[in-house]
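First the structure, in the form of structure tokens, and then the observations on it.
Bear in mind that the values in this text are calculations on the coordinates, not laboratory data. Since this is a predicted model, take the numbers as computed values, not measurements. Counting neighbours? That spans all protein chains shown, and the Cβs are built from the backbone with ideal geometry, glycine included.
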Amino acid sequence: MRTSPTAAHASRQTGAALPIALILLTIITLLAVAGMRSAGMGFIMAGNEQYRQKAFIASEVGIEQAMAFGIYNPNVATNTVAGTVPNAASDAYTANVLRQLNGVPQGALWGSSWNSFSTFHFEVQSSGTSVRNATTQHNQGVAVIAPYSSTFTGAGGL
């Protein structure tokens, strides 16, 4: 009896399809797990950036509040304003208004206003905080123009 060519060919197969399929399935699974971890890390980084932005806004609000309250006193070394950002109870700011040049007024260098006005220099240092310990620090220089006063000594009180 004679065997057909397909029967002879079938007897020589070793079953390589199953190991190849398992290897491909393992590779696809590893790629899927790596993709999920990468996406999860992306969400975490986006959340951290959002908290940093909130801390940035809180620090800017601190500068705005310090300038709005106008606590510029050249006789006091540091004035402080602290609070929370409106509509964001977890975001807070602390702003310190520091006098510069030891509170000595600076007069106009040249011009007709020499005996009319003086300027006092201040620096506003504001720090904003948000959840997850996100913090930012901003500095803003401020020059306050004041009328000339003979009670001051130095460049502004000539």
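Need the full-extension length gain, Q53 to A88, defined as separation in residues times 0.36 nm minus the C-alpha distance. One decimal, nm.
On the way: separation 35, 0.36 × 35 = 12.60 nm, distance 1.26 nm.
Separation in residues times 0.36 nm, less the Cα-Cα distance, equals 11.3 nm.
Cβ-Cβ distance of R132 and Q106, R₀ of 30 Å, FRET efficiency by 1/(1 + (r/R0)^6): the value works out to about 0.10. Stokes-Einstein diffusion of the stretch 16-157 at 37 °C, 0.692 mPa s viscosity, Kirkwood radius from Cα pairs, rounded to a whole number: 172 µm²/s.
Could you give the length gained on full extension between E64 and I23, defined as 0.36 nm per residue of separation minus the Cα-Cα distance, in nm? Each step should come with its number before you reach the end.
Values: separation 41, 0.36 × 41 = 14.76 nm, distance 6.17 nm.
Stretched out fully, the E64 to I23 stretch lengthens by 8.6 nm.
Full extension of the chain between A77 and L31 yields a length gain of 10.5 nm, computed as 0.36 nm times the residue separation minus the alpha carbon distance.
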